[in-house]
Each structure stands twice: as C-alpha cells, then as structure tokens.
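The values are calculated or read from the model by the stated rules, or taken from the named source; none is laboratory data. No experiment lies behind these values; they were computed from the predicted model shown. Note: ideal-geometry Cβ built from the backbone for every residue, glycine included; neighbour counts use all protein chains shown. Just the protein is used for accessible areas: all its heavy atoms, side chains included, with ligands, DNA and RNA removed. Shrake-Rupley method; radii C 1.70, N 1.55, O 1.52, S 1.80 Å.
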Amino acid sequence: MQPTAVSTAAMLALHGSLRAGEACALTWADVDTDGLVIRVNKAIGLGNGGAYLKHTKNNASNRIVNITQDLSRKLAQRREAVIRELAETETLLLPEQFAKLYVCGTISGGFLNPQILTRKWQTIAEEHTIMGTEGKRATFHTLRHGYATVAIASGIDVASIAGQMGHSNVAVTLNTYTSPTASGKRDAASTMSDVLHPSGSNAELLSLDHTGTDG
C-alpha cells in the first residue's frame, strides 16, 4: 500500500533521524530520491498561536541527511500518491509549485501539525503494539531515538551519527568526539537499511494505509 503522511513521517524519523517538526516541514524541493539525500532546513514549531513554519533548532540541525534505498523508495511512492491525488481532483500544479508542497502535507499546500502527527502515531503504536528499543510503547520520538541506538550499537562513528541527526554537540549523541565525514554519514544511513529493513513486522506497519488517520 502507498505510504500515508503519518507513515512517511515515521519512516523519515526511523530511517532518516528527522525530528517530528522537521519531517512535517520537509518539502519535495528538499528531497533527492536519486541522490539519496534530503535537505533539512526548516521545521514546524508550536506556539500559543498554533503551529508555524520556522528555522531549524540550530545551525547543526540545518543539514543534508543521507537516506537509505528503502526510504528513497517510500518517498518516491509517497510522491506518486500525491501526484495521483492531484490528478483525481483535477488540480494542476507547475513543477515549481509541486516542489513547495510538504511531503507529509496536503495537496492544497498545508503542513501536518507535529502535535497531530505524534497523536496519530501514538494511536497506531497502541493499535499494533509497536515497541521501542527500550521495551516501551514507541512514541514518535522513539523512532528517532531508535535510529541513534541502532547506529551506535552497529559501530558507526558517533560524530557521523551526530551530524546525520543534527546534534549541535557530539556529546548529545555520546560523550565522545571524532570528526564527522560524509562517508560515515552514508554508512549510518546504509546500516539503518540493513538493521531496520521494512520486511520486519514493525517496519511493515509504517507503510499501512491507515484510512481516516491521515487528514
């Protein structure tokens, strides 16, 4: 089944280490499925007036993330689903207009509120008993946490993981420091593909079409 907005955001966190606000702010202009990279340069924040578009958390969060083939395929499938929805509603967009659409948003140009995303994910996790790496029910943040946990356990250098995740200080990831490299970041992305392959039971749930939970 085609990835929904919520399942796509979950894959972005699990395989790409994106925060909820970063996944909600990602536009198609930021996605390069052929080059296996996404550009994180904005986020959806929450304030007294509701959700709003903002800059990323810090300079380190403004980054290029190497992604897996699995995530690339899911994003390509999501793009195809959006194109079909546009065709079904007879909505015509120029390429530059399509590029501004949010990957996890609506065809009218709206973004997914991070609070709604986390609430809908929580419902999915409870319905399907999806557990995190610490044996607790998986929250949306657990997906990003799981990325770091598996990458560190797999021997990827911590600085590269920190660079991939957008941590301003490598100590946030682990109390060690080495120089992050592009090749190391690619290795981290590749490891996620091997360890968190979508053929696993939890990963399969991320591509389920949860009708009525994706508005």
Exercise. To the nearest 10 square angstrom, what accessible area does GLU80 show with a 1.4 Å probe?
Worked result: 90
For this session: Would you mind getting the Kirkwood hydrodynamic radius of the stretch 1-121 from its Cα pairs, rounded to one decimal in Å?
Result: 14.4
For this session: Using the heavy atoms of the protein chains and a 1.4 angstrom probe, tell me the accessible area per residue for the stretch 56-115 in square angstrom.
Result: 56
For this session: Could you grab the relative contact order for the stretch 27-70? Cα pairs under 8 Å, six or more apart, rounded to a whole percent.
Result: 39
Exercise. Where the centre of each part is set by its Cα atoms, how far does the stretch 15-82 sit from the stretch 113-156, in angstrom?
Worked result: 17
Seminar exercise, completed: The answer for the per residue Cα convex hull volume of the stretch 42-108, in Å³, is 119
For this session: Place a +1 charge on the Cβ of each Lys and Arg in the stretch 1-138 and a -1 charge on the Cβ of each Asp and Glu, then give the dipole magnitude about the Cα centre in debye, rounded to the nearest 20.
Result: 480
Seminar exercise, completed: Along principal axes, largest first, the alpha-carbon spread of the stretch 1-54 in whole Å comes out as 38, 24, 17
Problem set entry | Rounded, prolate or oblate (a/c below 1.5 giving rounded, otherwise prolate when a/b exceeds b/c) for the stretch 104-166 by Cα gyration tensor | oblate
Exercise. If the cut-off is 25 Å between C-alpha atoms, which lysines fall inside it for LYS42, apart from same-chain ones fewer than 8 positions away?
Worked result: LYS54, LYS57, LYS74, LYS100, LYS120, LYS185
For this session: Could you look at the stretch 30-133 and say what percent of its accessible area is carbon and sulfur, using a 1.4 Å probe and all protein chains?
Result: 50
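So what is the relative contact order of the stretch 1-75, in percent, for Cα pairs below 8 Å that sit 6 or more residues apart?
Relative contact order of the stretch 1-75: 32 percent.
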